[in-house]
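Data block below; observations after.
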Amino acid sequence: MASWFYLFLAIVLEVAGTTCMKLSDGFARLWPSIGVAVFYLASLAGLTMALKQIPVSIAYAVWAGLGTAIISVIGFWYFKEPVTAVKLLSIALIIGGVTGLHLSNSTH
C-alpha cells in the first residue's frame with residue numbers, strides 16, 4: 001500500500017513541476033524554474049519507490065496518464081486554455097487506458 005502512496009505523491013509532484021514549467025516563462029523566472037527541477041526530481045524519486053512493488057507498466061501508465069489528465073484540467077481552469085470536445089475525449093481515453101492496464105494486471 002505504501003507503493004501506491006509513493007505513486008500518487010509522485011503524480012502530485014510531477015503536476016507541480018509541470019505547472020512550474022509553465023509559470024517559469026521559458027526558464028526566465030527564477031523560482032518557478034527552480035521548482036521545475038525540485039519537483040521533477042522528487043517525483044522521479046517517488047516513482048522509483050513505487051516501482052519496488054508496482055509493475056513498471058502499471059506505475060508508469062498511472063504516473064504519466066493521471067499526470068497528463070490533471071495538468072490538462074489545470075490548464076483549462078487556471079491557465080484558461082480552451083476546452084474542446086476532442087481534448088475532453090482524449091483525456092477520457094487516457095484515463096480509460098490507464099484503467100484497462102490496471103485491470104489487466106489484477107487478473108494475474
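The values are calculated or read from the model by the stated rules, or taken from the named source; none is laboratory data. These numbers come from a predicted model, not from an experiment. Virtual Cβ from ideal backbone geometry, glycine too; neighbours counted across all protein chains shown. Keep in mind that these areas ignore ligands, DNA and RNA; they rest on the heavy atoms of the full protein, side chains included. Shrake-Rupley method; radii C 1.70, N 1.55, O 1.52, S 1.80 Å.
In terms of solvent-accessible area of protein heavy atoms at a 1.4 angstrom probe, what is the ranking of Leu66, Leu9, highest value first?
Descending accessible area places them as Leu9, Leu66.
Out of these labelled values of Rg/Rh (Cα atoms, Kirkwood Rh), (1) 1.08; (2) 1.06; (3) 1.02, which was calculated from the coordinates shown here?
Label of the calculated value: (3).
On the full set of protein chains, 1.4 Å probe, figure out the accessible area of Phe76 and give it in Å² to the nearest 10.
Its heavy atoms expose roughly 40 Å² to the probe.
Under a GNM of the chain (C-alpha, springs under 10 Å), which listed residue has the highest mean-square fluctuation: Ala16, Ala64, Ala28?
Evaluated over the chain, the most mobile residue of the options is Ala28.
Rounded to the nearest Å, what's the spacing between the alpha carbon centres of segment 16-54 and segment 61-108? Just the number, please.
Value for the Cα centre distance between the two parts: 19 Å.
Determine the relative contact order of the chain: mean sequence separation of Cα pairs under 8 Å and six or more apart, normalised by residue count, in whole percent.
Across the chain, relative contact order equals 29 percent.
What figure, in Å² to the nearest 10, do you get for the accessible area of Glu81 with a 1.4 Å probe and non-protein molecules left out?
80 Å²
Just to be sure I understand: with springs between alpha-carbon atoms less than 10 Å apart, which residue in Ile11, Ile91, Ile34 has the highest mean-square fluctuation in the Gaussian network model of the chain?
Of Ile11, Ile91, Ile34, the Gaussian network model singles out Ile34 as fluctuating most.
Could you work out what % of the accessible surface of the chain is carbon and sulfur, using a 1.4 angstrom probe and leaving DNA, RNA and ligands out of the count? Write out the running numbers ahead of the final one.
Values: 5060 of 6780 Å².
Answer for the chain is 75 percent, counting heavy atoms of protein chains only.
What full-extension length gain, to one decimal in nm, is calculated for Gln53 and Leu89 as 0.36 nm per residue of separation minus the Cα-Cα distance? Could you put the intermediate results ahead of the total?
On the way: separation 36, 0.36 × 36 = 12.96 nm, distance 3.13 nm.
Full-extension gain reported as 9.8 nm.
Using the Karplus curve 6.51 cos²θ - 1.76 cosθ + 1.60 with θ = phi - 60°, work out ³J(HN,Hα) for each residue of segment 39-47 in order, rounded to whole Hz, and write x for Gly and Pro.
Those phi angles translate into 5, 5, 4, 5, 4, 5, 5, x, 4 Hz.
How much area per residue is accessible in segment 69-108 when the probe is 1.4 Å and only protein heavy atoms are counted (Å²)?
73 Å²
Along the Cα→Cβ direction, 7 angstrom out, place labels at Ala28 and Leu44. What is the inter-label distance in nm?
Distance between label points: 2.7 nm.
With only Lys, Arg, Asp and Glu charged, each at its Cβ (+1 for the first two, -1 for the last two), find how big the charge dipole of the chain is about the Cα centre; round to the nearest 20 debye.
Taking the Cα centre of the chain as origin, the dipole is about 40 debye.
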